[in-house]
Amino acid sequence: MFLRKTALGVLLLCCCLFSAYGQKQALSKINIADLKEHLTFISSDELQGRKLGTEVDGLGITADYLAKHAQKIGLEAETENYFQKVKMASLKPSSANFIEVKNTKGKSKFKSGSMMIFQGIQTPKVLNNAEVYLAGFGDSTLPENLEGEIIVIAQGNAKSFKEGDNIRFDFGAEVAKIETLSKKKPEMIILVTTPQDKDNKGFNRLKGYFGRERYSVTEDKPEAKVPVLFLTPTFADELLGGKGHYEKYLKGVAKENISGWMKVKKRTVTIHAEVLKTELDTKNVIGIVEGSDPVLKNEYVVFMAHYDHLGIGKDGDVYNGADDNGSGTVAIMEVAEAFASLSKKPKRSIVFLWVTCEEIGHIGSTYYCDHPIYPLDKTVAAINLDMVGRVYEAPRDDVHKNSPKKVKDFDGLYTLSNDVWLQLAEINDAKCKELGIVPDTSLPKARFLRASDHYQFHKKGVPVLNYATGYHADYHKVGDELDKINFDKIKRVADLCFLLGYEVANLDEIEFDGKAKK
Ligand SMILES: [Zn+2]
């Protein structure tokens, strides 16, 4: 008995030593010379800021560079040439768009091209002299069936309006309102921003986004949505015959606590709403180190980083994005090399995912999460790196007001996790400790869980972890250059990724606390 125990002990010790030796060997693959070489290329002017549509296709060249690296270090490919083709489109409001209000004699009382299309215009929508209904704040007391009707609703609700506190455009609340109203099948919803916002600040802010070119992933089966336009109170005033009338109407609705349902008399609307759509192609780059356990290899640890950036500015300056997100891109390249070099691979598979077009709306990660190459319910962790190459510089840089201390140091690192699998954060803390890194978890989750590609995985219930060395004075500026990168810091983050990934990939069983299943 004693002997057997000893033999087992020796065996276990050997395994541990072997594994520790293996990890150490692998870590030596993550080296500063390589990080520098990769980032020098990726953040060079020649790539024209790694954005779709530049004269030289720097985005595509970067994808090729990553795929070549994946092949060279021996990652396996599930897709052709390590590429996942991402189908997306650019959406631009047509310059022919307008909305017009006419009186019964057909005389124009209002005409504007500055309405915004929020949703639902797949094909051009043209309406001539159509009847409209006012529908208060669009609340639930409206008629059950609105089929075929064009309805005009106001931003906000009766309560905040009455209190004179209706200024803030609560996007989530408005979307919820639109969704509820859509079930009543109106022909169109026109949402009018609040007359309490005298300078139309809210409207202009929205216009900055919806009024210009947008990008989106092409859906396989696009859902038909009710067309929704945003307009200013000037439009609604004209429906009621003059300046200030809409505010008066809303006051009545709020005071009487009624739906405000009312057919507009003596006025019709004429509309041309059209969105110009251009199909675009770009790609994610994906490689894998297959796990060594016959069962657990069907579970995945994903490391990801977006490889795109902002392109060229109006003045011709190139946004090289050395930190955003050249740093994360090259860190993952080296982490991949470390895993690929292991003679005994971890039990679970490790996926390396370089996603495209994060800067224009998380396009690559959205597409991957809609069309996962490896099942998301078998993905035990998605670790995202976005800006991991800088160290706080006083007095130029800013840190988030919640975290004035930790992340300022060379040892500090913003880490953010969700609540799906709590042990992930514990493992992170332990690995950070081993490396002398101080995790800074002070970023408010409500905002920062949405801040980068990890959000798309979070939405699907995958445990996520996001690493960042923080915003800085050169964030989204041309000054985000190679010479400001701290390569020792990138190496520390890459080392952390390796150690954490190795541990997670070798755990016996993983049980989630939150919604997602493994
Ligand atoms: Zn970024």
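The values are calculated or read from the model by the stated rules, or taken from the named source; none is laboratory data. Please read all numbers here as calculations on a predicted model, not as lab measurements. Note that we place each Cβ from the backbone using ideal geometry, even for glycine, and neighbour counts take in every protein chain shown.
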Requested in this report: Find all pairs meeting these conditions: Cβ atoms under 7 angstrom apart; at least six residues apart or on different chains; first residue within the range 453-467 and among the β-branched types (Val, Ile, Thr); second residue surrounded by fewer than 20 Cβ atoms within 10 Å (Cβ to Cβ) and at pLDDT 95 or above.
Outcome: 462/376
Query raised in the report: Mind checking which residues of the range 146-155 are surrounded by fewer than 21 Cβ atoms within 10 Å (Cβ to Cβ) and in contact with a Lys or Arg (Cβ under 6 Å, 6 or more places away or on another chain)?
Result: 147
Query raised in the report: (1) over 30 Å from residue 417 (Cβ atoms); (2) outside the structural domain of residue 116 (by TED's automatic domain parsing); (3) more than 16 Å from the ligand (Cβ to nearest atom): which one isn't true of residue 265, the others all being true?
Result: (2)
Query raised in the report: Within the range 217-226, is even one residue surrounded by 17 or more Cβ atoms within 10 Å (Cβ to Cβ) and of a type in the set (Val, Ile, Thr)?
Result: yes
Requested in this report: Can you work out which of the residues in the range 336-355 that are within 23 Å of residue 79 (Cβ to Cβ) and of a type in the set (D, E, K, R) is farthest from the ligand (Cβ to nearest atom)?
Outcome: 345
Report summary line: Flagged in the range 143-157 as under 21 Å from residue 237 (Cα atoms) and either at pLDDT below 95 or part of a loop (DSSP other than H, G, I, E, B) (or both), in numbering order, are 149, 155, 156, 157
Query - Failed item, numbered, when residue 29 is tested on (1) in a loop (DSSP other than H, G, I, E, B); (2) closer than 24 Å to residue 215 by Cβ; (3) not acidic (Asp, Glu) - result: (2)
Requested in this report: Go over the candidates 241, 316, 291, 252 one by one and state the one that is touching a helix residue (DSSP H, G or I) at 6+ places or on another chain (Cβ under 8 Å) and more than 16 Å from the ligand (Cβ to nearest atom).
Outcome: 291
Report task. Tell me which residues, restricted to the range 294-313, are part of a loop (DSSP other than H, G, I, E, B) and either in contact (Cβ under 8 Å) with a residue 12 or more places away in the chain or within 9 Å of the ligand (Cβ to nearest atom) (or both). Result -> 299, 307, 308, 309, 310, 311, 313
Report summary line: When every residue in the range 309-335 that is closer than 30 Å to residue 74 by Cα and among the β-branched types (Val, Ile, Thr) is compared, the one nearest to the chain's Cα centre (by Cα) is 329
